[in-house]
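Below is one structure; the comments refer to it alone.
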Amino acid sequence: MMENISIEQKMRFFGTNSTNVKNKYNIFIGISISNKKMNFKIASDYINWAIKNTKEKVAVIIADELNIVNYRLLDGYSTGKAQNRAKTVGNNIENIFRTEIQKLPEKQQQKIHIYKWSDVKKDLNYQKLFESLQNEINNNTELRTAAFYFIKKYIHKRGKIITDEKIINELATYIIGELPTLLQGIYINKDYYQLCVYPTYFSSGMSQFVMDIHGKELLVSDKIYKLIKTKAILVECWLD
């Protein structure tokens, strides 16, 4: 039944509304490699919506390296096996998107770029914001509690029971790793992508968490606010 629902009907906007995004922002599609529902139809829907609504360019961001920590701690992989698994799954998802991109007219194909997480991490501002957030989570009880909530929710979804705070701390590197991109968008190859399409299985609260930081409902240090160049626009796209 969900297959007959348009992609727009599955979207929830944060920081703007659906009538105020058309051709206003460069769009990036953030893909977690733990997303087992990703297929050619979904990739096609995302690409076609993005190309229709973007300002100039579209970036598909495959968060392959981010998931290595989950493979190690939740699936019990060795570091080497976790790295290989992330690379393999990331390449498979890239192939799905490339296949669908190649079906578009040449002009539209030229507007779409696929990047891995190593490309995202090259940006200096991303690096500074990531490092500051790592320090912040150790000293800001409210931020730490909020981040741990998402980790524990994901652990529960995976059917795991983990109480060791050291492991939860390490798992939190996934949240901290993606948080700079959700707070400010992505700067990559001299282009800026401000609107993030974020596939999700349920309303996790992550987008509202980001909005609360922007709105200072959840306070972080002045250093972090100064590092955030501009505010990202978030669009949750439900998979269920």
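Observations, loosely collected:
- Residue match in segment 70-80 (condition: assigned to a helix (DSSP H, G or I), among the hydroxyl-bearing types (S, T, Y) and more than 15 Å from the chain's Cα centre (by Cα)): yes
- Some residue of segment 159-173 being in contact (Cβ under 8 Å) with a residue 40 or more places away in the chain, closer than 26 Å to F28 by Cβ and of a type in the set (K, R): no
- Only a single criterion out of (1) among the aliphatic types (A, V, I, L, M); (2) modelled with pLDDT under 90; (3) touching a Lys or Arg at 6+ places or on another chain (Cβ under 8 Å) is not satisfied by L227, namely (2).
- Count of segment 201-232 residues which are surrounded by fewer than 19 Cβ atoms within 10 Å (Cβ to Cβ) and under 20 Å from W49 (Cα atoms): 1
- Selection of first residues in segment 11-33 that are touching a residue at least 12 places away in the same chain (Cβ under 8 Å) and more than 12 Å from I51 (Cα to Cα) and of second residues that are among the β-branched types (V, I, T) and in a strand (DSSP E or B), restricted to Cβ pairs under 6 Å at least 6 apart or on distinct chains, gives the following pairs, ordered by first then second residue: M11/V235; F13/V235; G15/I233; T16/I233; G30/I61; I31/I62.
- Among the candidates T19, T99, residue that is polar (S, T, N, Q), modelled with pLDDT under 90 and either closer than 25 Å to V210 by Cβ or part of a helix (DSSP H, G or I) (or both): T19
- Subset of segment 24-39 that is modelled with pLDDT of 95 or more and more than 18 Å from G177 (Cβ to Cβ) - its residue that is surrounded by the most Cβ atoms within 10 Å (Cβ to Cβ): I27
- The condition (being modelled with pLDDT of 95 or more, part of a helix (DSSP H, G or I), on the phi < 0 side of the Ramachandran plot and of a type in the set (A, V, I, L, M)) is satisfied by just one residue among L129, L143: L129.
- Annotation note: of I68, I62, I47, the sole residue that is free of Cβ contacts under 8 Å to residues at least 40 places away in the same chain and buried (at least 21 other Cβ atoms within 10 Å of the Cβ) is I68.
- For segment 164-187, the condition holds for no residue, the condition being that it is over 16 Å from V69 (Cα atoms) and surrounded by fewer than 16 Cβ atoms within 10 Å (Cβ to Cβ).
- Odd one out for K55, checked against (1) part of a helix (DSSP H, G or I); (2) at pLDDT 95 or above: (1)
The values are calculated or read from the model by the stated rules, or taken from the named source; none is laboratory data. Note that this is a predicted model, so its numbers are computed, not measured. Neighbour counts run over all protein chains shown; Cβ positions are idealised from the backbone, glycine included.
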